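Heads up: the structure comes next, in structure tokens.
The values are calculated or read from the model by the stated rules, or taken from the named source; none is laboratory data. The shown structure was predicted, so the numbers you read here are calculated from the model rather than taken from an experiment. Cβ coordinates were reconstructed from backbone atoms using ideal geometry, including for glycine residues, and neighbour counts include every protein chain displayed.
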Amino acid sequence: MGNILVPSIADRVLLHLSKVRIDRGAEKVPNEISQEGIAAAVGISRSHVPRAVKELISAGYIEESKKHVKDGEKRVKVYLITPRGLARAKEIEDTILSQIIPAKIQNTMVQGMTLKQIETAFHRRINIIRLTGQEDFIDLDAMMITGVTDFSDSPKISLFLNREESLEQMKQFLKSRAGMLAIYGAKGIGTSSLAKHFIQMLDNWNILWVSLLKHRSLEDLRNRLESFADLLKIKQEMMIESSAGSNILLMFDGYFDVDEEIVGFFSSLVERRDGAKIIVTCRDSTPSYNRFYRKEHLQSGNVQEMVLKGLCEKDSKILLGNDEIPDEALRRIFAMSRGSPMILTMLRDKDEEGLRRNSTFTNEEIRFLLTESVAKKQT
């Protein structure tokens, strides 16, 4: 083949920065966002970095700053990705992964699959930043990032906007002794998007995504876990409750009004001392009788909680996709939508039927919001 589409140097830099999450207010930031760190990650000389970042700054995809990097004594130039840059990085990634390319795994050639389909089918992730364009096929065993993954249940995420504080909390959870993290949010607020974006940044974890909307019985759920344990060549019980699961992350998405046996299953995991880390996304209106942990579990540190709020007004405007919307119209939409990514996306797509099905707005309010969302500033 030798003619596959690969990211440009600037695109590689943007893709790399999209995977590095930082606290913008921190005194020290990871070396990965410095010129030295970018060069090492992307596989270019440090002298090529300034030209690439200049292009990205001009496009509004990244911002330049000066900060201390970890283990560094002097402040150096670092580069922070913007919401617009995150959206562009997602577009680049989707384009590269949509290509149909032969792949080789265990001495067998696989034909007719896109890179994304290959990732899903063989539970691996391809480092597209390191593609050269001269490959005749993808050598999975040579190119894969460490970690077995199964995201087949996970939703497609089209756009992810800044959630830096929440992502930092999730990162700290992985470092803590807590075994479970419950993330609460209203319908459409973005808990699934947050979780998907977070786990896609993890290279050295074995990760399973389980949709509780698809697997509603305890038997279905256990079968899903058993299949993943088989991939890891480990027993399900050891994966969940022993030190053998220390590099395993189980993501359960859509916990809301579940069967009693599912509640019992999660309750049995709360007081574990070892085993896989578990993240559960929950509807904020989850009935009290479906809660699988108690206040003392939070106090003891066995369980951590997060509550996800709506987007800020600035990011709401980005998601609406109307750069010329009057400030007053934006404020009215923001107040009524409460920054819900689902509602803002439906307004952007003029999805009147979706708003009727998925919101409590009256027909008059929906028509008002749709009119406001396309309004333009007077010139």
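Within the range 166-212, the residues that satisfy the criterion of being among the β-branched types (Val, Ile, Thr) and outside any helix (DSSP H, G or I) are ILE183, ILE189, ILE207, VAL210.
Which residue out of GLY72, GLY37 is modelled with pLDDT under 90, among the small types (Gly, Ala, Ser), touching a helix residue (DSSP H, G or I) at 6+ places or on another chain (Cβ under 8 Å) and surrounded by fewer than 21 Cβ atoms within 10 Å (Cβ to Cβ)? It would help to see each step written out before you state the result.
Values: GLY37 fails: surrounded by fewer than 21 Cβ atoms within 10 Å (Cβ to Cβ).
That would be GLY72, the only listed residue that is modelled with pLDDT under 90, among the small types (Gly, Ala, Ser), touching a helix residue (DSSP H, G or I) at 6+ places or on another chain (Cβ under 8 Å) and surrounded by fewer than 21 Cβ atoms within 10 Å (Cβ to Cβ).
For the range 331-352: of the residues being within 20 Å of the chain's Cα centre (by Cα) and outside any helix (DSSP H, G or I), which is surrounded by the fewest Cβ atoms within 10 Å (Cβ to Cβ)?
To start, the set of residues in the range 331-352 that are within 20 Å of the chain's Cα centre (by Cα) comprises 339-345.
This time we only want the ones that are outside any helix (DSSP H, G or I), so: 339-340.
Working: GLY339: 20, SER340: 25.
Among those that are within 20 Å of the chain's Cα centre (by Cα) and outside any helix (DSSP H, G or I), it is GLY339.
When the range 353-379 is limited to residues that are of a type in the set (Gly, Ala, Ser) and outside any helix (DSSP H, G or I), the one that is nearest to GLY321 (Cα to Cα) turns out to be ALA375.
Within the range 270-306, the residues that satisfy the criterion of being farther than 20 Å from PHE198 by Cβ and among the aliphatic types (A, V, I, L, M) are VAL270, LEU298.
For (1) under 22 Å from ALA87 (Cβ atoms); (2) acidic (Asp, Glu), each residue gets a yes or a no:
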{"residue": "SER337", "(1), (2)": "yes, no"}
{"residue": "LEU344", "(1), (2)": "yes, no"}
{"residue": "ASP351", "(1), (2)": "yes, yes"}
{"residue": "LEU355", "(1), (2)": "no, no"}
{"residue": "THR360", "(1), (2)": "no, no"}
{"residue": "LEU369", "(1), (2)": "no, no"}
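Screening the range 213-330 for helices (runs of 4 or more DSSP H) wholly inside it with 1 or more residues that are polar (S, T, N, Q) and surrounded by fewer than 19 Cβ atoms within 10 Å (Cβ to Cβ) returns the ranges 218-231, 236-241, 260-267, 295-300.
Among what's in the range 150-167 and is out of contact with any His (no Cβ under 7 Å at 6 or more places or on another chain) and among the aliphatic types (A, V, I, L, M), pick the residue that is modelled with the lowest pLDDT. Quick ask: steps written out before the conclusion?
Start the filter on the range 150-167 by keeping residues that are out of contact with any His (no Cβ under 7 Å at 6 or more places or on another chain), which leaves 151-156, 158-159, 161-167.
Then drop every residue that is not among the aliphatic types (A, V, I, L, M), which leaves 159, 161, 167.
Numbers: LEU159: 62, LEU161: 66, LEU167: 87.
My answer is LEU159.
The residue list ILE22, ILE4, ILE44, ILE9 contains one member that is modelled with pLDDT of 90 or more and β-branched (Val, Ile, Thr), which is ILE9. For first residues located in the range 259-274 and in the same structural domain as ARG224 (by TED's automatic domain parsing), partners that are charged (D, E, K, R) and assigned to a helix (DSSP H, G or I) and lie 6+ apart or on another chain with Cβ distances below 6 Å form the pairs ARG272/GLU241.
Tally time: how many residues in the range 207-257 are on the phi > 0 side of the Ramachandran plot and at pLDDT 95 or above? The total comes to 0. Candidates in the range 263-295 are the residues that are at pLDDT 90 or above and hydroxyl-bearing (Ser, Thr, Tyr); of these, the one that is nearest to SER340 (Cα to Cα) is THR281.
Looking across the range 233-249, the residues that are among the polar types (S, T, N, Q) and either closer than 18 Å to GLU271 by Cβ or under 23 Å from the mean Cα position of the chain (by Cα) (or both) come down to SER242, SER243, SER246, ASN247.
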